[in-house]
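Down below is the structure, laid out as structure tokens.
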Amino acid sequence: MKEQILSMPHLIQIITAILGGTAARLFVLREDFRQYPTYPNGYLSHAVMGFVAATLGAVLVPALMTNNLTSVTFLTLAITQFQNVRKIEQASLQLLEETEYTKRGNAYIDGISKTFEARNYIALIVSLVIAAIMEIMDDNITWIRIPAGLAAGGIVYIWMKNFSKGKVISDIASVSAGEISIKNNELYVDDIFVSNRIGIERGQEMILKEGLAVVLTPKSDHFRISLDNYGQRQAILFEITRSLGIKRYHYTRKDYIDGRIVFVVVPILQNIDRMITSVENTPLLESIQKNHKFLKDRSEDYE
């Protein structure tokens, strides 16, 4: 049995599956930077966890073929460790909250940590599929087995990536630049009252000269439920300040009549297009996604 597992075809199968699963983790790791701007050490940490997950998936098939049921127990323990990754990310991000000018919020942190956990499973499943396909095609030559396994793993990767990819703000609301004005010491964006706490004349001048504003208009009344969520609005504000920086002021306000949401900031970088893009790409929190019907792209279904 040992010779069979360590034979050249099995060795090639395991290595190919590990490389494929690790690559899948690295591909989605690049997308993680939008939600969690990790540093090189954090990047390395998640890459290694992806490698471990891919290794488990790669060796599981040969182990089962030799009736080595111990591997199943080891896999269960490994999955438990992946679940601990979510807890570690939550604790780490909670500590970072104290250093942020605007906070991510608990709902946003929960979604980010779940994403990291789920993406380790992508690496595991992709490598498992690659190993299984190559094992099934054991009678074929190596240069047929490798492309077939990678192709199957690629298909599974694309499917899982699309399945696990959440919606963003642009799916439920249109985002446009707003015009800032001050009337009788009250701040307005377009025709929406924002705040009467705008400081003295110097502060008002700063807001008029350097302030940027965006208006979110829900694509249907049903989507107002998501935009009204405090955690969602906190996540949007965090993405704005993370992208543009914050010099001094930030405001958010809701129009109770039509559900429009206003965000006003005095940022370091004066770039309204970047501000709009950061809002549009803010993830829709998983905690408010109650069912898939609610998230259909065709908002007219809810009219």
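The values are calculated or read from the model by the stated rules, or taken from the named source; none is laboratory data. Note that the coordinates shown come from a computational prediction; the quantities given were computed from them, not determined experimentally. We place every Cβ from the backbone using ideal geometry, glycine too, and count neighbours over all the protein chains shown.
Below is a table of values for the structure above.
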item: Residue match in the range 174-181 (condition: touching a Phe, Trp or Tyr at 6+ places or on another chain (Cβ under 8 Å), surrounded by 16 or more Cβ atoms within 10 Å (Cβ to Cβ) and under 24 Å from residue 237 (Cα atoms)); result: yes
item: Residue, modelled with the highest pLDDT, within the range 253-303, restricted to residues that are in contact with a Lys or Arg (Cβ under 7 Å, 6 or more places away or on another chain) and in a helix (DSSP H, G or I); result: 286
item: Condition check for residue 105: in contact with a Phe, Trp or Tyr (Cβ under 8 Å, 6 or more places away or on another chain), modelled with pLDDT under 95 and in the same structural domain as residue 54 (by TED's automatic domain parsing); result: yes
item: Number of positions in the range 86-110 that are surrounded by fewer than 22 Cβ atoms within 10 Å (Cβ to Cβ) and assigned to a helix (DSSP H, G or I); result: 14
item: Complete set of residues in the range 167-189 that are more than 30 Å from residue 129 (Cβ to Cβ) and in contact (Cβ under 8 Å) with a residue 40 or more places away in the chain; result: 169, 170, 172, 173, 174, 175, 176, 177, 178, 180, 187, 189
item: Any hit, the range 72-80, residues being exposed (fewer than 13 other Cβ atoms within 10 Å of the Cβ), closer than 19 Å to residue 287 by Cα, within 25 Å of the chain's Cα centre (by Cα) and of a type in the set (S, T, N, Q); result: no
item: Inter-residue pairs, beta-carbon under 9 Å, first within 20 Å of residue 241 (Cβ to Cβ) and in the range 103-116, second crowded, with 22+ Cβ neighbours inside 10 Å and of a type in the set (Gly, Ala, Ser), 6+ apart; result: 104/235; 105/235; 107/235; 108/235; 111/235
item: Matching residues, the range 259-270, being closer than 13 Å to residue 213 by Cβ and surrounded by fewer than 17 Cβ atoms within 10 Å (Cβ to Cβ); result: 270
item: Residues being closer than 26 Å to residue 100 by Cβ and either under 27 Å from the mean Cα position of the chain (by Cα) or among the aromatic types (Phe, Trp, Tyr) (or both) - total across the range 199-249; result: 28
item: One residue from 119, 145 being under 30 Å from residue 281 (Cβ atoms), of a type in the set (Lys, Arg) and assigned to a helix (DSSP H, G or I); result: 119
item: Residue satisfying condition, being under 16 Å from the mean Cα position of the chain (by Cα), at pLDDT 80 or above, surrounded by fewer than 19 Cβ atoms within 10 Å (Cβ to Cβ) and assigned by TED's automatic domain parsing to the domain that holds residue 154, within set 33, 27; result: 27
item: The range 137-166, residues that are free of Cβ contacts under 8 Å to residues at least 40 places away in the same chain, touching a helix residue (DSSP H, G or I) at 6+ places or on another chain (Cβ under 6 Å) and over 16 Å from residue 58 (Cβ atoms); result: 160
item: Extreme residue, farthest from residue 59 (Cα to Cα), among residues of the range 69-121 that are of a type in the set (Lys, Arg) and out of contact with any Leu (no Cβ under 7 Å at 6 or more places or on another chain); result: 103
item: Qualifying position, being without any contact (Cβ under 8 Å) to a residue 40 or more places away in the chain, of a type in the set (A, V, I, L, M) and crowded, with 16+ Cβ neighbours inside 10 Å, among 244, 216, 212; result: 244
